[in-house]
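Read through the structure below, which is laid out as C-alpha cells, and then see the notes.
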Amino acid sequence: EMYEEESTFGLRGTIALLPLRVTSMDKTYEARALKLQLASTLASLWKVGLRRAVVVGVSKNESEVAHSAFDMLTSHLELRSMELQYVHVETKDDSDWKLVPKLAMVQFQRAIREYNNSTGDTRIHRIWLGENPSQWKHVYFTEPDLILHLKSDAVKSLSNELEKGFILNAHRLQPIPHTQQFTQMFHDATISNPKLVAQMKAHLLPNLASFSAVYSMSSDDVCCDQGMFYPSHKEDSSTPVKVIADKRCYKIWEFCGFDKDGNYSDWSYVLENHKLLLTYPFISFDEGTGLPLVHHGQRVCAPQRNVATCPG
C-alpha cells in the first residue's frame, strides 16, 4: 500500500542507487530469492514516494535479476509511476563484488558532474539520471536487499533536514531466524521427524524465556535508538563487541550463536551461545514480514507505543 501523494512530496527529488552483484545463477531457488529481495526493496522505495531507482551491475546475472524484479512491480507502477533503470558498468575484474558499490558511485558522480558542466555524452546522462536530471536533489544509496521502513508523517521533517544539508542514515535492522515463524512446521516435526527438530533448533531462536518477547509495532509506534549503548558487551557497554577478535566468530554478530553441530536441547548451551542477544528487545512490523528484528550495529532500538516521536 503506497503512501498518499501529499505525504511523499519531500522525497520526490530523491534518486535511489542500488549496486548489485550476483555471482551465480546456477541454483534456481537462490536466483528466485535474489529477484524477490530486489523487488521487495524497490517496492519499499516506491511506497514512500521515490520517483527513480537505478540498479547497477557488472554482468548479465545482475541484468537478469534487475529486469525480473522490475517486472514484479508492474502492478505498482500502474498506481504510481517510478522510473526503474538497470545500468551496466564495465570492470576488468567482475569476481570481486566489493568493487560494485564503488564503481556505481564513481560512475554516478561522473554522470552528475558532466551533466552539470554540460560535458560528456547526453545519452549516458539520461541512462543514469533519466529524462529530467535537474529534478534530483538527493541520493539514497542502499543495498538491494534492504527494505526501507519510513513513517509517512516523518517524511516532511526528514525532507527539511535534507534541505539543510544534513546527511541522513537509516538504521539497519537485521531479521533473526525464530521458531515463532515456523510454529506449525516445528510442531509437525516433533511428532514425525526428530532429526529435523534438531536441525531447526540449530538454525532458529527458541520461542522461550526472553527470546519469546517480540514487540509488534504498528504505524502509531516508534523505535528509539539508545545511542552509544551496546549491552552485548558486558565489560564495556560503550563499545560494541568485536566478534572476530573477542568471540572468534566470523559471522555477523546476531548469528554468532547458531551452530549446526551444537546441542540446542541443552538450555545452558542455548543461553551461552545466544548470550549476545539476551539483552536486546526484538521488534517486528505489523506491515512487514513479522520477523523479529535487532539492530545490525549492536545498538538498541527500544520500542515506544502510541507516540509520534522519540523523546529528546
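The values are calculated or read from the model by the stated rules, or taken from the named source; none is laboratory data. Model, not experiment: these values are computed from the prediction. Because the Cβ atoms are built from the backbone with ideal geometry, glycine has one as well, and the counts that use them run over all protein chains shown. Just so you know, the surface numbers come from the protein's heavy atoms only, side chains and all, with ligands and any DNA or RNA stripped out. Shrake-Rupley method; radii C 1.70, N 1.55, O 1.52, S 1.80 Å.
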Condition met for Lys35 (among the charged types (D, E, K, R), under 17 Å from Ala16 (Cα atoms), open to solvent by less than 70 Å² (accessible area, probe 1.4 Å) and not in a strand (DSSP E or B)): no
Would you say His125 is open to solvent by 80 Å² or more (accessible area, probe 1.4 Å), over 15 Å from Ala16 (Cα atoms) and not charged (D, E, K, R)? no
Residues (in a helix (DSSP H, G or I) and either touching a strand residue (DSSP E or B) at 6+ places or on another chain (Cβ under 6 Å) or surrounded by 11 or more Cβ atoms within 10 Å (Cβ to Cβ) (or both)) located in segment 189-208: Ala189, Thr190, Leu196, Val197, Ala198, Gln199, Met200, Lys201, Ala202, His203
Ala245 fails exactly one of (1) in a loop (DSSP other than H, G, I, E, B); (2) over 24 Å from the mean Cα position of the chain (by Cα), namely (1)
Return a yes/no flag: does segment 173-184 have any residue that is under 29 Å from Trp46 (Cβ atoms) and of a type in the set (A, V, I, L, M, F, W, C). yes
If you go through segment 128-137, how many residues are within 22 Å of Ile167 (Cβ to Cβ), open to solvent by less than 80 Å² (accessible area, probe 1.4 Å) and part of a loop (DSSP other than H, G, I, E, B)? 1
Could you say whether any residue in segment 138-148 is in contact with a strand residue (DSSP E or B) (Cβ under 7 Å, 6 or more places away or on another chain), under 18 Å from Val222 (Cα atoms) and open to solvent by 50 Å² or more (accessible area, probe 1.4 Å)? no
Assess whether Ser216 counts as being of a type in the set (Gly, Ala, Ser), touching a strand residue (DSSP E or B) at 6+ places or on another chain (Cβ under 6 Å), open to solvent by 40 Å² or more (accessible area, probe 1.4 Å) and outside any loop (DSSP other than H, G, I, E, B). yes
Search result, residues across segment 105-127 that are closer than 23 Å to Thr91 by Cβ and either within 23 Å of the chain's Cα centre (by Cα) or assigned to a loop (DSSP other than H, G, I, E, B) (or both): Met105, Val106, Phe108, Gly120, Asp121
Return yes when Thr23 is modelled with pLDDT of 95 or more, open to solvent by 40 Å² or more (accessible area, probe 1.4 Å) and among the polar types (S, T, N, Q) and no when it is not. no
Do you know which of the residues in segment 247-274 that are acidic (Asp, Glu) and surrounded by fewer than 18 Cβ atoms within 10 Å (Cβ to Cβ) is farthest from Val197 (Cα to Cα)? Glu272
Residue that is open to solvent by 70 Å² or more (accessible area, probe 1.4 Å) and not hydroxyl-bearing (Ser, Thr, Tyr), where the choices are Phe186, Phe229: Phe229
Between a first residue in segment 54-68 that is assigned to a helix (DSSP H, G or I) and a second residue that is aromatic (Phe, Trp, Tyr), which pairs have beta carbons less than 7 Å apart while being 6 or more apart in sequence or on different chains? Ser63/Tyr86; Ala66/Tyr86; His67/Tyr86
